[in-house]
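One structure below.
The values are calculated or read from the model by the stated rules, or taken from the named source; none is laboratory data. What you are looking at is a predicted structure, and each value in this text was computed from that prediction instead of being measured. Here the Cβ positions follow ideal geometry from the backbone for every residue, glycine too, while neighbour counts run over all protein chains shown.
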Amino acid sequence: MPPLPCAELHLHIEGTLEPELIFALADRNGIRLPYADAADLAARYAFTDLQSFLDLYYANMDVLRTEADFTDMTRAYLRRAATAGVRHAEIMLDPQAHLARGVALETCVDGVAAALATSEADHGISSSLIAAFLRDRPATEALGVLQDLIAMQAPIVGIGLDSAEVGYPPSLFAEVYDVARAAGLKCIAHAGEEGPPGYVWEALDVLRVDRLDHGIRCLEDDALVERLVADGVPLTVCPLSNVRLRAVPSIGDHPLPAMLARGLNVSVNSDDPAYFGGYVDDNLAALVGAFDLSIDDQALLAANSVRSAFLDGNRRAVLL
Ligand code: ADE
Ligand code: ZN
C-alpha cells in the first residue's frame with residue numbers, strides 16, 4: 001500500500017543531514033572531519049539523552065557553509081520525504097546555530113528558501129519555513145535574530161523554540177513570542193520532550209502557541225491533557241526520536257496510542273531523521289509494528305497532520 005498523504009510538521013532541516021551528505025559537503029568545502037568515513041560517523045549515533053545528540057548535531061553543521069549547501073540539504077530531504085508520503089512540510093531552521101559559526105542569516109535562510117520555493121513543482125510537496133530559536137542561548141539574542149528576520153522580510157510562517165529543554169522554561173521567551181505574534185507569525189515550541197508538564201503549561205499560557213512539538217510528558221498531568229483536548233492543540237510527536245534520545249525506553253513503551261485514546265490531536269513526524277533511524281514512513285512503520293495500529297488510526301494521524309498545518313483552505317482540502 002502506498003503511504004498515506006500527510007504533512008510533516010516537526011522537522012529540523014539540519015537533522016536531515018545524512019552521514020554521506022556530511023562527507024560530500026565537507027569534501028566540497030575543504031573541511032577535514034574527525035571521522036574515518038560515513039559509517040564511522042553513523043556508528044557514533046548512540047545517544048543517551050537530548051544533549052548527547054545536540055552535541056553531534058551542532059558539530060556536524062560545520063559542513064554547511066554556502067547557500068548551495070543549505071539548498072542541497074533541503075532538496076535531499078524533500079526527495080526522501082516525497083517517498084514517505086509527505087505532501088506538505090513545515091521545516092524548522094536554527095539560524096542561531098549558523099550565525100554562531102559566522103554564517104550569515106541570508107545564507108542559511110535564502111539557501112533553504114530556494115529549495116522550498118520549488119518544492120511543489122519538484123517533489124509535489126508544498127512547504128513553509130519556521131525559524132526556531134535556541135532556548136539555551138539568551139532570549140535577547142533570539143529577539144535580535146527575530147527582528148533581523150522581520151526586517152529582511154524572510155519567508156517564514158512562524159517561529160519555534162528548540163535545543164536543550166530542561167532548565168530553559170518557555171516563559172523566558174515571552175517577549176520573543178509577543179513580537180512574533182504581533183508580526184503575524186505562527187507560534188510553536190518544543191515542550192514536554194524531556195521537560196516537565198509545567199513547561200507545556202507555560203508554552204500554552206505564556207507563549208500562547210498554535211502548536212506544540214513533542215508534548216509527550218503531558219500524560220503525567222490529567223488537567224493538562226484535558227486542556228490540550230479541549231483546545232484541540234496539535235502535538236507533533238516523533239516516536240523514533242523519543243526512543244533514540246531515551247525519553248521513552250522502547251517503541252513498545254511509546255505513549256502515542258495512549259495519547260490517541262485520550263483524544264489528543266497527535267501527528268507523527270521525524271524530528272531529525274538522519275540521526276534517529278528514519279523518516280515519517282519509518283516512524284509510522286515502527287508504530288504499526290509495535291501496536292498493530294488500525295488503518296483508521298493511521299488515517300486519523302495523517303488527517304491530523306494536514307488539519308494541524310499552517311495551510312490555506314485550498315491546499316488543505318486537496319490533501320484531506
Ligand atoms: N533540535 C533538533 N532536534 C531537537 C529535539 N528533538 N529537541 C530539541 N531540540 C532539537
Ligand atoms: Zn524537534
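Key figures for this structure:
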quantity	calculated
Tabulated pairs, the range 84-109, first closer than 20 Å to residue 138 by Cβ, second of a type in the set (Lys, Arg), C-beta under 6 angstrom, 6+ apart or interchain	96/137
Residue within the range 52-59 that is more than 21 Å from the chain's Cα centre (by Cα) and either farther than 28 Å from residue 125 by Cβ or surrounded by fewer than 17 Cβ atoms within 10 Å (Cβ to Cβ) (or both) present	no
Meets criteria (under 18 Å from the mean Cα position of the chain (by Cα) and either within 14 Å of ligand 1 (Cβ to nearest atom) or without any contact (Cβ under 8 Å) to a residue 60 or more places away in the chain (or both)) for residue 155	yes
Residue within the range 9-26 that is of a type in the set (S, T, N, Q), surrounded by fewer than 16 Cβ atoms within 10 Å (Cβ to Cβ) and either in contact (Cβ under 8 Å) with a residue 24 or more places away in the chain or away from ligand 1 (no atom under 14 Å from the Cβ) (or both) present	no
Helices (runs of 4 or more DSSP H) wholly inside the range 225-278 that include at least 3 residues being under 15 Å from the mean Cα position of the chain (by Cα)	239-244, 273-276
Inter-residue pairs, beta-carbon under 7 Å, first crowded, with 23+ Cβ neighbours inside 10 Å and in the range 265-292, second in a strand (DSSP E or B) and at pLDDT below 95, 6+ apart	none
Close pairs from the range 205-230: first farther than 19 Å from residue 7 by Cβ and within 16 Å of ligand 1 (Cβ to nearest atom), partner assigned to a strand (DSSP E or B) and among the small types (Gly, Ala, Ser), Cβ under 7 Å, at least 6 apart	207/189
Exclusive hit being in a helix (DSSP H, G or I) and under 22 Å from residue 284 (Cβ atoms), set 56, 4, 21, 78	78
Subset of the range 24-39 (residues that are in a helix (DSSP H, G or I) and over 28 Å from residue 136 (Cβ atoms))	24, 27, 28, 38, 39
Unmet criterion (only one of (1) hydroxyl-bearing (Ser, Thr, Tyr); (2) away from ligand 2 (no atom under 16 Å from the Cβ); (3) touching a Cys at 6+ places or on another chain (Cβ under 6 Å)) for residue 305	(2)
Residues (outside any helix (DSSP H, G or I) and surrounded by fewer than 18 Cβ atoms within 10 Å (Cβ to Cβ)) located in the range 86-107	100, 101, 102, 104
Which listed residue is modelled with pLDDT of 95 or more and either within 16 Å of ligand 1 (Cβ to nearest atom) or at positive phi (or both), from 234, 249, 239	239
Unmet requirement for residue 136, which otherwise passes all of (1) farther than 21 Å from residue 7 by Cβ; (2) away from ligand 2 (no atom under 16 Å from the Cβ); (3) acidic (Asp, Glu)	(2)
Leading residue by the ranking (farthest from ligand 2 (Cβ to nearest atom)) among those in the range 36-51 that are surrounded by 14 or more Cβ atoms within 10 Å (Cβ to Cβ) and in contact (Cβ under 8 Å) with a residue 24 or more places away in the chain	45
Residue count, the range 108-151 (criterion: assigned to a loop (DSSP other than H, G, I, E, B) and more than 18 Å from residue 309 (Cβ to Cβ))	5
Enumeration of residues in the range 60-113 that are among the charged types (D, E, K, R) and within 16 Å of ligand 2 (Cβ to nearest atom)	90, 94
